[in-house]
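Chemist: Have a look at the structure that comes next, please.
The values are calculated or read from the model by the stated rules, or taken from the named source; none is laboratory data. Computed from a predicted model, the values in this text were never measured in an experiment. Neighbour counts are summed over all protein chains in view; Cβ atoms, including those assigned to glycine, are modelled from backbone coordinates with ideal geometry.
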């Protein structure tokens, strides 16, 4: 298993385009199994892959309500298939901004 992280605090530098392209190329062109974790509150990657649901479950549950942090969600509960056979995603949802604030307050 390999982990590829695409991140930067600056907006507009191509993070979404880069991560979407890598996921597509590895999954559809090379036949690798890919799991995308969309941690962007705007959910652009989730929208690109057609799975963004503002009120659905996704990354906020992974960060705050997963069984590894005392919650009830298992990873498999959060994974959504995409239209691409080798690419799945844990989508962003409308609660991520609140989750960011909750985690920040807990760390203080």
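Chemist: How many residues does the range 67-100 hold that are free of Cβ contacts under 8 Å to residues at least 40 places away in the same chain and within 18 Å of residue 41 (Cβ to Cβ)?
Modeler: So the count comes out to 4.
Chemist: Right, here's the next one. For the range 50-86, how many residues meet the condition of being in contact with a helix residue (DSSP H, G or I) (Cβ under 7 Å, 6 or more places away or on another chain) and modelled with pLDDT of 95 or more?
Modeler: Count: 2.
Chemist: Moving to a separate point now. Name every residue in the range 24-49 that is at pLDDT 95 or above and out of contact with any helix residue (DSSP H, G or I) (no Cβ under 8 Å at 6 or more places or on another chain), in order of residue number.
Modeler: Of everything in the range 24-49, those that are at pLDDT 95 or above and out of contact with any helix residue (DSSP H, G or I) (no Cβ under 8 Å at 6 or more places or on another chain) turn out to be 24, 25, 26, 27, 28, 29, 30, 31, 35, 46, 47.
Chemist: While we're here: Are there any helices (runs of 4 or more DSSP H) wholly within the range 1-88 with 3 or more residues that are surrounded by fewer than 16 Cβ atoms within 10 Å (Cβ to Cβ), and if so which?
Modeler: The helices (runs of 4 or more DSSP H) meeting that bar are 15-24, 75-78.
Chemist: Same structure again: Restricting attention to the range 89-103, which residues are assigned to a loop (DSSP other than H, G, I, E, B) and closer than 24 Å to residue 31 by Cβ?
Modeler: Across the range 89-103, the qualifying residue is only 91.
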